[in-house]
1. Would you tally the net charge around ILE92, using a Cβ to Cβ cut-off of less than 12 Å, leaving ILE92 out, and scoring K and R as +1, D and E as -1?
2. Rounded to the nearest angstrom and ordered from largest down, what semi-axes does the equivalent ellipsoid of the stretch 1-65 get from its C-alpha gyration tensor (root of 5λ)?
3. Apply the Karplus parameterisation 6.51 cos²θ - 1.76 cosθ + 1.60, with θ equal to phi minus 60°, to every residue of the stretch 109-126 and state each ³J(HN,Hα) to the nearest whole Hz, in sequence, with x for glycine and proline.
4. Give the relative contact order (percent, whole number) for the stretch 11-233; include only Cα pairs under 8 Å separated by 6+ residues.
5. Quick one: among MET64, MET102, MET37, which has the greatest mean-square fluctuation in a GNM of the chain with alpha-carbon springs under 10 angstrom?
6. When we measure straight from the Cα of LYS120, which lysines land under 20 angstrom away, once same-chain ones fewer than 8 places off are left out?
7. Once you have the Cα-Cα distance between ASP47 and GLU90, take 0.36 nm times their residue separation minus that, and quote the gain in nm to one decimal.
8. Between GLU180 and LYS152, take the C-beta separation as r, use R0 = 35 Å, and let me know the FRET efficiency to the nearest 0.05.
Amino acid sequence: MNCDIEKFHELGYVVVTDFLSEDDHHRLNKQCDYFTMLGSNLTNNEDGWILNSPNNPCKLDGAMHRSQVFRDLASNDTLSSIARTLLGQENIDSYISKFFPMVPFEGFSVGWHQDNHYIKADPSQLISCDVFVNGADKENGCLRIAPNTHTKKFLHDNRSHEHFYWMSVDDEDPTIIDIEQDSIFAVFFHPNLVHSCYKNTSDRYRYSIAWEYIKEEHIPRTHNNHQSQDRFPVK
């Protein structure tokens, strides 16, 4: 597992820990609890929510548009400093934010894919970030990454916004890394890095907030109106 920012461009990712105070972590959990309650009361997709099934929320699109707490997370001193270093620019925005509650026993979020297949941006202009609010493990849906795949292009199923399996990857490939930690952590990764998450088979929620850091002036040739109301300056 790579925790050395100097190896980011070689491996396509870096794991970051120890960036949030105890009070801010508590505040973040309370916000996740609140949105999970809202999503779990829905039986149809609405208000930015995408459901896996009735009362089983997959994700909340445009999460930062709905929460100052989530916007504050993107402006966290450590996370924003790393993003500025990796992008080589001071003026950056958060972009395309999502909250994943990953409910116990049946929650799932993303199959194998590359973010930039859908965003269609200049990959030198943005970087992906995913914060796992209480850590993650294989049982409750941790992130899986395929190192070095950010230098390659892969075929994606054209229906990939409609089902879990988005591209063909051998789940047993020994080079795949399962990113497991027992407390809050963040993963920065190249927008072309191939990644996925396990399904949640545990009795625990697995909260995560994901977004892109993007250079202030860059406007991607993006997919599905991702730009609407979900771009905020990072302090």
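1. Residues close to ILE92 contribute a combined charge of -1.
2. Result for the stretch 1-65: semi-axes of 31, 18, 9 Å.
3. Each residue's phi maps through the Karplus curve to give 10, 10, x, 4, 6, 10, 3, 6, 4, 9, 6, 6, 9, 5, x, 7, 9, 8 Hz.
4. Worked out over the stretch 11-233, it gives 32 percent.
5. Top of the fluctuation ranking is MET37.
6. LYS98, LYS152, LYS153, LYS215
7. 12.2 nm
8. Efficiency for this residue pair is about 0.90.
Here, each number is a calculation from the coordinates, and none is a lab measurement. Quick caveat: nothing in here was measured; it's all calculated off a predicted structure. Backbone-built Cβ (ideal geometry, glycine too); neighbour counts: all protein chains shown.
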